[in-house]
1. Residues Asp123, Asp171, Asp119: which one is open to solvent by less than 40 Å² (accessible area, probe 1.4 Å), within 26 Å of Gly63 (Cα to Cα) and among the acidic types (Asp, Glu)?
2. Those residues that are of a type in the set (A, V, I, L, M, F, W, C), open to solvent by 30 Å² or more (accessible area, probe 1.4 Å) and within 18 Å of Asp77 (Cβ to Cβ), I need them from the range 6-57; list them, please.
3. Of everything in the range 1-56, what is in a helix (DSSP H, G or I) and either of a type in the set (Val, Ile, Thr) or without any contact (Cβ under 8 Å) to a residue 12 or more places away in the chain (or both)? Give them in sequence order.
4. Is there a residue in the range 175-194 that is small (Gly, Ala, Ser), in contact with a helix residue (DSSP H, G or I) (Cβ under 7 Å, 6 or more places away or on another chain) and within 23 Å of Met109 (Cα to Cα)?
5. Does any residue of the range 59-67 turn out to be more than 30 Å from Asp171 (Cα to Cα) and touching a Leu at 6+ places or on another chain (Cβ under 7 Å)?
6. Examine the range 89-112 for a residue that is farther than 30 Å from Leu28 by Cβ, open to solvent by less than 70 Å² (accessible area, probe 1.4 Å) and assigned to a loop (DSSP other than H, G, I, E, B), and state whether such a residue exists.
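The values are calculated or read from the model by the stated rules, or taken from the named source; none is laboratory data. Source: prediction; values computed, not measured. So basically every Cβ, Gly included, is an ideal-geometry build from the backbone, and we count neighbours across all protein chains shown. For accessibility, only protein heavy atoms count, side chains too; no ligands or nucleic acids. Shrake-Rupley method; radii C 1.70, N 1.55, O 1.52, S 1.80 Å.
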Amino acid sequence: MELDFDKAGNGLIPAIIQDNVTNKVLMLGFMNKEAYDKTVAENKVTFFSRTKNRLWTKGEESGNFLHVVSIQSDCDDDTLLIKVNPAGPVCHTGTDTCWGEVNRSDDFMFLKELQDFIDKRKDEMPEGSYTTSLFQKGTAKIAQKVGEEAVETVIEAMANNDERLLYESADLMYHLIVLLTYKGYRLEDIARELKTRHK
């Protein structure tokens, strides 16, 4: 896309940040060409701070990065709509949006948060993390854990132990997400596959 950074006269264009899942507007920031190029290159939203007069990547201090899903320009090529998967609260005050709105409140959305957390573990590989240790052991070990948790889930289901069924199902889901992440996929890829099968 050919963006018009000079139209406003200050080399900046507004960037509207929208949650890719809920479609809720999370915040508004400004980008110069350098911020835009860095956002595209790293798939994490970077703005130009008018107060600090420098680039800043959202989440560089908090860890609450805005992972880019798509970038669109408007009809005049002077405003961006960036759809993201937020890795946590967006506002510096700790709220989900810069307007104090709740963005994702139901328990189901925690799976998305867990996926983002596991992605972060893969990127950073912190020492002492169980997730890091799985990534370090590779496909065979992670797949083995998925198999073990699947068997334990079946055992508890057959035993009609509902409490243990939920517990083992949670272990199974966690290890499956780790396996998907290691192989370069996310839960959204599974959702898309299921969607194509839905009649």
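1. Asp119 is the lone residue from the list that is open to solvent by less than 40 Å² (accessible area, probe 1.4 Å), within 26 Å of Gly63 (Cα to Cα) and among the acidic types (Asp, Glu).
2. Listed by number, the residues that qualify are Ala8, Ile16, Leu28, Phe30, Val40, Phe48.
3. Correct list: Asp37, Thr39, Val40, Ala41.
4. Within the range 175-194, not a single residue is small (Gly, Ala, Ser), in contact with a helix residue (DSSP H, G or I) (Cβ under 7 Å, 6 or more places away or on another chain) and within 23 Å of Met109 (Cα to Cα).
5. Checking the range 59-67: not a single residue is more than 30 Å from Asp171 (Cα to Cα) and touching a Leu at 6+ places or on another chain (Cβ under 7 Å).
6. Within the range 89-112, none of the residues are farther than 30 Å from Leu28 by Cβ, open to solvent by less than 70 Å² (accessible area, probe 1.4 Å) and assigned to a loop (DSSP other than H, G, I, E, B).
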